[in-house]
1. For the stretch 222-237, take each phi angle, set θ = phi - 60°, evaluate the Karplus expression 6.51 cos²θ - 1.76 cosθ + 1.60, and give the result in whole Hz per residue in order, putting x for glycine and proline.
2. In debye, nearest 20, what is the charge dipole magnitude of the chain about its Cα centre with +1 on Lys and Arg Cβ and -1 on Asp and Glu Cβ, if you could check?
3. Given the alpha-carbon gyration tensor of the stretch 216-362, what are the semi-axes of its equivalent ellipsoid in whole angstrom, ordered largest first, with each equal to the square root of 5 times an eigenvalue?
4. When the chain is modelled as a GNM with alpha-carbon springs shorter than 10 Å, which of Leu308, Leu283, Leu126 fluctuates the most?
5. Counting alpha carbon pairs within less than 8 Å and at least 6 residues apart, what relative contact order, in whole percent, applies to the chain?
6. Once the principal axes of the Cα atoms of the chain are found, what is the range along each, listed largest first in whole angstroms?
7. Using the charge dipole of the chain (Lys, Arg: +1 at Cβ; Asp, Glu: -1 at Cβ; taken about the Cα centre), state which of Val372, Ala124, Pro328 has its Cα farthest towards the positive end.
8. Sketch the reach of a paramagnetic label on Ala178 as a point 7 Å from Cα along Cα-to-Cβ, and name the residues of the stretch 1-31 whose backbone nitrogen lies under 15 Å away.
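The values are calculated or read from the model by the stated rules, or taken from the named source; none is laboratory data. On a predicted model such as this, the values are computed, not experimentally measured, just so you know. Glycine also receives a Cβ, built like all others from the backbone with ideal geometry; neighbour counts cover every protein chain displayed. Ligands, DNA and RNA are excluded from the accessible area calculation, which covers all protein heavy atoms including side chains. Shrake-Rupley method; radii C 1.70, N 1.55, O 1.52, S 1.80 Å.
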Amino acid sequence: MTANSEGKFGDYGGQYVPEVLMPAIEELEEAYDEYLSDDDFLDDLNAKLRDYGGRPTPLYHAPELSERVGSKVYLKREDLLHGGAHKLNNALGQALLAKRMGKDRIIAETGAGQHGTATAMAAAALGIDCEIYMGAKDIERQKPNVFRMRLMGAEVNPVETGTGTLKDAINETLRDWATNVEDTHYVIGSIVGPHPFPAMVRDFQSVIGREIRQQSVEKEGRLPDSVVACAGGGSNTMGAFYDFIDDEEVDLYAVEAGGSSLEVNEERAPNSASLNIGEEGVLHGARTKILEDEDGQILESHSLSAGLDYSGVGPELAYLVDSGRVEPRTADDDEALEAFHLVSETEGIIPALESSHAVALLEKEDLGDFVVVNLSGRGDKDLDTVMEKSGVEV
Ligand SMILES: Cc1ncc(COP(=O)(O)O)c(C=O)c1O
């Protein structure tokens, strides 16, 4: 489904934003509509994705992992995209759009630091000023990415409010955008936020699923039985799924962070499972599934992996779960950690902790004979977290 004229997916989505942001959002909507069918823009983007980003990424048959789980497992290697995660597909697209719109400053929020890194890369490559907002807790657990962003000339602003994670960083970036709408574009990092962001980010990420389709047919002569991806905001999930929405024979699984428990208490959710246990509400400019308490207050989320640690999820994904097309699942912190070690040992590939949640589903469920797992990113950024969690000192 694409968003209707009000930017809605069923009841979800929309534009719940302060008046001051409306001109910028309308300008973006217009530019996005125009450039999405502009061959010149698309050729430029595709050339940059290929020559700068390294697309297409391989679809890798993982023999040892397959043996271990008893079905033919392929990994879609978004970890091999420049920067180490799928985030560059969207950051390049939006930065290019911002440049065409005449904006000379881009800002972004980041959780795991991968989106911030991708945005800093795109800004450096296109010659645009770049400022990143990142929660203080995330800065602590993702230091290598903070340094990478600064090396590429981006300013990184720590956000101390709330729990110092992604939700708070988004609030700060929206505040910056509201005061600088004239010269600034907000490169949002997932399929969240007001329309047109969810549809636009999905479109920029849908290259993942188009490649999976083509590569599956090349390698196996058919479409996969299931496609699995991890969901924070949901951009790698929708990117991997979008091309398969009409293929009912392909099962689509979105795996969220089960954290330490699915039990929600009064103050917080020890998980980030908004698709699985969330309620309908408004967060960051869109109606979607969110973690909230009985009074409708947003609950703080938790995940071992910074990139999944978010109290909401993209409105389109919420809609596809309600309609039964996408199956929501969870993997908890320990299962993700186990999967992190499993892929490292069996394949010599260290996956991001986010992606490890998707891999974990392989050992929990029968997903058919031919399974594609979207390996959204690489795990170098997570080594400190894993060493600390495992009590390892090197
Ligand atoms: C490697 C990786 N995978 C997944 C995610 C989750 O984001 P999304 O759900 O938008 O794909 C992130 C976010 O930072 C990430 O860095």
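1. Running phi through 6.51 cos²θ - 1.76 cosθ + 1.60 with θ = phi - 60° gives 7, 7, x, 6, 8, 10, 10, 8, 8, 10, x, x, x, 6, 6, 5 Hz.
2. 1140
3. Taking √(5λ) for each eigenvalue gives 26, 20, 10 Å, largest first.
4. Largest GNM mean-square fluctuation: Leu126.
5. 19
6. So the three principal-axis extents are 55, 49, 45 Å.
7. Positive-end residue among those listed: Ala124.
8. Zone members listed by number: 16-25.
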